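Heads up: the structure comes next, in structure tokens.
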Amino acid sequence: MANILVVDDDEGLAATVSFILKKKGYQVQEIDDGAKVLERLGVKPARSGVSIPDLILLDLDLPVIDGYTIIRHLYDNTPTRSIPVVIMSGRGQRIELSEMSPNVKAYIEKPVQLEYLLAVIGEALQQKPV
């Protein structure tokens, strides 16, 4: 089953989403700030041989490095460019996905409806290039 990276500084939401995803058979890792994401994925500092997730659930408001910056770095880095990203944000604004990056597949407003989130994840994983 797919490996999903949950990136959110809201511990309760991250734990709930991770729990549901694990029950559905996904492998899940949680990270709570942007700098840790870039380090974990071998983007900053640059390094090779890291395990790349099949999908990233990403909050935009993160400590250290925000979600917008993460998206830009992921797309600018060849090994991470094709990772589908699903944004989960409480900003209450719709963001035009085409303006963000081609790897951003969906924008979900918080509070997250878990059944909808699972459907979006399934669709984003089916669209992932092989």
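The values are calculated or read from the model by the stated rules, or taken from the named source; none is laboratory data. Just so you know, these numbers come straight off a predicted model, no measurement behind them. Cβ atoms come from the backbone with ideal geometry, glycine included; neighbour counts cover every protein chain shown.
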Residue count, segment 22-57 (criterion: touching a residue at least 24 places away in the same chain (Cβ under 8 Å), touching a strand residue (DSSP E or B) at 6+ places or on another chain (Cβ under 9 Å) and under 16 Å from Gly122 (Cα atoms)):
8
Output for segment 28-69, where each listed residue is surrounded by fewer than 19 Cβ atoms within 10 Å (Cβ to Cβ) and either of a type in the set (Gly, Ala, Ser) or in a strand (DSSP E or B) (or both)
Gln29, Glu30, Ala35, Gly42, Ala46, Ser48, Gly49, Ser51
Pick out the one residue from Val50, Val37, Val64 that is at pLDDT 95 or above and of a type in the set (Val, Ile, Thr).
Val37
Exactly one of (1) without any contact (Cβ under 8 Å) to a residue 12 or more places away in the chain; (2) more than 19 Å from Ile121 (Cα to Cα) is unmet by Phe19. Its number?
(2)
At pLDDT below 95, surrounded by 15 or more Cβ atoms within 10 Å (Cβ to Cβ) and either touching a strand residue (DSSP E or B) at 6+ places or on another chain (Cβ under 8 Å) or under 20 Å from Lys110 (Cα atoms) (or both), is that true of Tyr75?
no
So Ile56 passes all but one of these: (1) within 13 Å of the chain's Cα centre (by Cα); (2) modelled with pLDDT under 95. Which condition number does it fail?
(2)
The one condition in (1) out of contact with any helix residue (DSSP H, G or I) (no Cβ under 9 Å at 6 or more places or on another chain); (2) of a type outside the set (A, V, I, L, M); (3) surrounded by 18 or more Cβ atoms within 10 Å (Cβ to Cβ) that Glu11 fails to fulfil
(3)
Count of segment 1-21 residues which are touching a strand residue (DSSP E or B) at 6+ places or on another chain (Cβ under 6 Å) and assigned to a helix (DSSP H, G or I):
4
Could you check segment 1-27 and list, in sequence order, the residues that are within 15 Å of Pro84 (Cα to Cα) and among the β-branched types (Val, Ile, Thr)?
Ile4, Val6, Val7
